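S.K.: First, the structure itself, so that you have it in front of you.
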Amino acid sequence: FGYSQCLPQIFYLAEIPNFFTTKILWSTITKFPHNSFVWTGPDGESEVLAHLGVAGYSGKVSLKEVIIGGRNYKQADVHNEVLCPSGYGDGGGGPSEDQIERSLRLQTSF
């Protein structure tokens, strides 16, 4: 699905337990069936908990994005939290002060 199959082994050796991406959802042809899953490496032993973004690539921390993220999260029946990252996509822009403030306000609203 767009990444090397040995990534779980690399993450395991680097002691990285989680992986987050939006890339897998970019396909307009193949719809990936999960938003969160345990990705097992070809060795059958190394695993990483993988999460796929559900609210877009550059999160603005809006109520609309949070609602869309909640609706699009396919494992909501198993886990009632969804990752909604914020910031400005490519270039490592990270979240703005306004986005952090909105995030804190939304967190106390739910």
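S.K.: Working only within the stretch 1-29, note down all residues that are under 17 Å from L49 (Cβ atoms), over 18 Å from the mean Cα position of the chain (by Cα) and open to solvent by 70 Å² or more (accessible area, probe 1.4 Å).
M.R.: Q5, I10, Y12, L13, E15
S.K.: Hey, another quick one. So how many residues does the stretch 63-85 have that are open to solvent by less than 40 Å² (accessible area, probe 1.4 Å) and within 17 Å of P95 (Cβ to Cβ)?
M.R.: So the answer is 2.
S.K.: So E15 ticks every box in (1) touching a Gly at 6+ places or on another chain (Cβ under 6 Å); (2) on the phi > 0 side of the Ramachandran plot but one. Which box is left unticked?
M.R.: Evaluating E15 over (1) touching a Gly at 6+ places or on another chain (Cβ under 6 Å); (2) on the phi > 0 side of the Ramachandran plot leaves (1) as the failure.
S.K.: Name, by its number, the condition in (1) touching a helix residue (DSSP H, G or I) at 6+ places or on another chain (Cβ under 6 Å); (2) assigned to a helix (DSSP H, G or I) that does not hold for Q99.
M.R.: (1)
S.K.: Checking the structure you have, find out if any residue of the stretch 34-45 is among the hydroxyl-bearing types (S, T, Y) and touching a helix residue (DSSP H, G or I) at 6+ places or on another chain (Cβ under 9 Å).
M.R.: yes
S.K.: For the stretch 3-29, give me each residue that is assigned to a loop (DSSP other than H, G, I, E, B), of a type outside the set (G, A, S) and either at pLDDT 90 or above or more than 21 Å from C84 (Cβ to Cβ) (or both).
M.R.: Step one: of the stretch 3-29, the residues assigned to a loop (DSSP other than H, G, I, E, B) are 3-6, 14-17, 22, 27-29.
Still in the list and also of a type outside the set (G, A, S): 3, 5-6, 15-17, 22, 28-29.
Listed by number, the residues that qualify are Y3, Q5, C6, E15, I16, P17, T28, I29.
S.K.: What is the number of the single condition among (1) in a loop (DSSP other than H, G, I, E, B); (2) closer than 14 Å to F20 by Cα; (3) free of Cβ contacts under 8 Å to residues at least 40 places away in the same chain that L83 does not meet?
M.R.: Evaluating L83 over (1) in a loop (DSSP other than H, G, I, E, B); (2) closer than 14 Å to F20 by Cα; (3) free of Cβ contacts under 8 Å to residues at least 40 places away in the same chain leaves (3) as the failure.
S.K.: Pairs please, first residue from the stretch 55-75 and in a loop (DSSP other than H, G, I, E, B) and modelled with pLDDT under 85, second anywhere and among the hydrophobic types (A, V, I, L, M, F, W, C) and surrounded by fewer than 19 Cβ atoms within 10 Å (Cβ to Cβ), Cβ atoms under 6 Å, 6+ apart in sequence or on different chains.
M.R.: A55/I68
S.K.: Also: Answer yes or no: is there a residue in the stretch 41-51 that is under 21 Å from G2 (Cβ atoms), within 13 Å of the chain's Cα centre (by Cα) and among the small types (G, A, S).
M.R.: Yes, the stretch 41-51 contains at least one residue that is under 21 Å from G2 (Cβ atoms), within 13 Å of the chain's Cα centre (by Cα) and among the small types (G, A, S).
S.K.: Tell me which of these F32 doesn't satisfy, since it passes every other one: (1) in contact with a strand residue (DSSP E or B) (Cβ under 9 Å, 6 or more places away or on another chain); (2) open to solvent by 50 Å² or more (accessible area, probe 1.4 Å); (3) part of a loop (DSSP other than H, G, I, E, B).
M.R.: Of everything listed in (1) in contact with a strand residue (DSSP E or B) (Cβ under 9 Å, 6 or more places away or on another chain); (2) open to solvent by 50 Å² or more (accessible area, probe 1.4 Å); (3) part of a loop (DSSP other than H, G, I, E, B), F32 misses just condition (2).
The values are calculated or read from the model by the stated rules, or taken from the named source; none is laboratory data. The structure presented is a predicted model; accordingly, all values stated were derived computationally and were not measured. Cβ sites come from the backbone with ideal geometry, for glycine too, and all protein chains shown count toward neighbours. Only protein heavy atoms, including side chains, enter the accessible area calculation; ligands, DNA and RNA are left aside. Shrake-Rupley method; radii C 1.70, N 1.55, O 1.52, S 1.80 Å.
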